[in-house]
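A short write-up of the structure that comes next.
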Amino acid sequence: MTSLGNYTTDSTNGHSNILRHEKCDAYLLIHLETALGEGFRTFLYSLGLAYCFIGLSAITARFFRSMESVVKHSRTVEMIDPLTNTKVVKNEKVWNYTIADITLLAFGTSFPQISLATIDAIRNIGKLYAGGLGPGTLVGSAAFDLFPIHAVCVVVPKAGELKKISDIGVWLVELFWSFWAYIWLYIILEVWTPNVVTLWESILTVLQFGLLLIHAYAQDKRWPYLSLPIERAERPEEWVPAEVVKYRPLDKVHEPHSEVSQVGEEENSGIVDIFSIHSGEGTGHFYRNLAGEDVTESSTLNNGNIIPEESDILSIWKHQFVDALMLESAESRKLNNIYLRVARIFWQSLLLPWKLLFAFVPPYQIAHGWIAFICSLIFISGIAYVVTKITDLISCVTGINPYVIAFTALASGTSWPDLVASKIAAERQLTADSAIANITCSNSVNIYIGIGVPWLIDTLYNYIAYNEPLRIDNAEGLSFSLLVFFSTSVACIGVLVFRRLTIGAELGGPRVWAWVTCIFFMLLWLIFVVLSSLRVSGII
């Protein structure tokens, strides 16, 4: 395929024009694409980009189910009861509540953006100028996380229901590191070494993610001198309340005492609850009810996780492919509205190639979900690679600045896992901790890892090969976007604080005020997108 690097920017007085009229000779699959009209090519590439985002939403369900299995993993701990002096055996979760929010949840949901930025850095390796696609997407994704996702989370709870942050100390720590991440990025671009990133600056950027983890854990454990003296409100032991498990028989698998139940994806609108430890419903498709007592690791139960035998694993994996080929579930067949049935069949037909591809991801019951977790990330990286190629082509054909595409289409499309995760947390969790923590932590991860790692790759190569730093194309436009984001984010956090002081919670509350907050957050996002796009395009 023809290199796209020569078509992504067109600078005039240090700024990129929003539109150009040069002919684009790059193509995606075959050279005949260049013979098509620019408008038709733009339409085809836009459809391809949208279809990639559909694929990203399809892998999201499987990715979240594997993440749930990782998070709910527990271990057996023996303790001595100080009152009775007897040995007590209990199950303790392996993952700390706060660390799980910052790492698995925030890092996992930000992985599409991180993959896209890393791929953009690798394909630009050896060049003195960094690509703008990765940083633009990550800054745009931060704005999408903070404004539209907060807007959704505010209106998700039922009318009158209040959900507030229980551990305000941990949230303040996460909020500090989130704000500092963007201040730090501005310092790099405009203060210390304007328009240039050095090797040491990129190293310090990545290391600050470790400082975030240490500080948040210290606050969660209330370590002296490292934590804020703020008491934690009562927090439920489980992340979501227990629910009645509903199973419906589908098939018998090898053993008379085991029952495999299938839950259609349409029952849950394709969204799996990553916080549910008790519920048997979700888009993981298959669960097993096993009779008998708890035994050792080699048996069916291990530290609270159901471990099917090898033959059952193969059956579950086989059913993943069978389920991928099903265009209509039993529930949709019961619908009386023929148009709704046809619409669902059409949607499932669009998803079929993706579902069939993602059926190769091993069942999440293996190794506490880690194998499925890693395989899902690999598929997400593959989609991100295709997205970068298509985005370059759209920029090449239309002449639209790649930063503008990154701020809008890419940021929104790749932030889908963040939106789903926070929505589910706001809807199902008893508190607002994980819903809001996912937003603030994702923004920190976007800078410390999403921008830090790609810049580290490029600066390290340039330092070794040329003894030169990495120059940032249109750094002034990116810095302006950071200032706009910082200003609007202060307004967003101010509204959350005001809601906490007035109605007693960040999320939910009276329906009218919830929708007013939602609309205000969406206006802040529009302000960021419009001003940033005009600036990087050289219009303002």
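Cβ-Cβ distances below 8 Å connect the following pairs, each with a first residue in the stretch 33-58 that is closer than 17 Å to residue 398 by Cβ, a second residue that is aromatic (Phe, Trp, Tyr) and open to solvent by 40 Å² or more (accessible area, probe 1.4 Å), and a separation of six or more residues or different chains: 33/27; 34/27. Considered as a group, the residues in the stretch 525-539 that are modelled with pLDDT of 90 or more and either over 10 Å from residue 484 (Cβ atoms) or of a type in the set (Asp, Glu) (or both) include one that is least open to solvent (accessible area, probe 1.4 Å), and that residue is 525. Against the criterion of being without any contact (Cβ under 8 Å) to a residue 60 or more places away in the chain and over 15 Å from residue 146 (Cβ atoms), residue 474 does not qualify. Identify all residues within the stretch 71-87 that are in contact (Cβ under 8 Å) with a residue 60 or more places away in the chain, open to solvent by 50 Å² or more (accessible area, probe 1.4 Å) and not in a loop (DSSP other than H, G, I, E, B); write none if there are none. The answer is 75, 76. When restricted to residues that are open to solvent by less than 10 Å² (accessible area, probe 1.4 Å) and in a helix (DSSP H, G or I), the stretch 149-164 contains 5.
Restricting the search to the stretch 389-419, which residues are buried (at least 20 other Cβ atoms within 10 Å of the Cβ) and under 30 Å from residue 70 (Cα atoms)? Once the filter is applied, which keeps residues that are buried (at least 20 other Cβ atoms within 10 Å of the Cβ) and under 30 Å from residue 70 (Cα atoms), the stretch 389-419 yields 410, 411, 413, 414, 415, 417, 418, 419.
Report yes if some residue within the stretch 462-481 is at pLDDT 85 or above, touching a Phe, Trp or Tyr at 6+ places or on another chain (Cβ under 6 Å), open to solvent by 10 Å² or more (accessible area, probe 1.4 Å) and more than 27 Å from residue 52 (Cβ to Cβ); otherwise report no. The answer is yes; a qualifying residue exists. Of the residues in the stretch 416-430, at least one is under 28 Å from residue 499 (Cβ atoms) and of a type in the set (S, T, N, Q).
Restricting attention to the stretch 452-474, which residues are of a type outside the set (Ser, Thr, Tyr) and not in a helix (DSSP H, G or I)?
Correct list: 467, 468, 469, 470, 471, 472, 473, 474.
Would you mind stating whether residue 477 is outside any strand (DSSP E or B) and within 30 Å of residue 126 (Cβ to Cβ)?
So residue 477 fits the description; yes.
Quick test for you: out of 517, 459, pick the one residue that is open to solvent by less than 30 Å² (accessible area, probe 1.4 Å) and either among the acidic types (Asp, Glu) or under 24 Å from residue 195 (Cβ atoms) (or both).
459
When the stretch 497-519 is filtered for residues that are part of a helix (DSSP H, G or I), over 27 Å from the mean Cα position of the chain (by Cα) and not polar (S, T, N, Q), the ones remaining, listed by number, are 498, 501, 511, 512, 513. Scan the stretch 193-206 residue by residue and report those that are of a type outside the set (Gly, Ala, Ser) and surrounded by 13 or more Cβ atoms within 10 Å (Cβ to Cβ). If the condition is that a residue be of a type outside the set (Gly, Ala, Ser) and surrounded by 13 or more Cβ atoms within 10 Å (Cβ to Cβ), then 193, 195, 196, 197, 198, 199, 200, 201, 203, 204, 205, 206 are the ones that fit.
In the stretch 50-77, the qualifying residues are those that are within 15 Å of residue 347 (Cβ to Cβ) and hydroxyl-bearing (Ser, Thr, Tyr), and the one that is modelled with the lowest pLDDT is 57.
Could you tell me which residue of the stretch 91-125 is surrounded by the fewest Cβ atoms within 10 Å (Cβ to Cβ), considering only residues that are at pLDDT below 80 and small (Gly, Ala, Ser)? My answer is 100.
The values are calculated or read from the model by the stated rules, or taken from the named source; none is laboratory data. Given the structure is predicted, the values throughout are model-derived calculations rather than measurements. Every residue, glycine among them, receives a Cβ derived from its backbone with ideal geometry; neighbour counts consider all protein chains shown. In case anyone asks, the SASA skips ligands and DNA or RNA and just uses the protein heavy atoms, side chains included. Shrake-Rupley method; radii C 1.70, N 1.55, O 1.52, S 1.80 Å.
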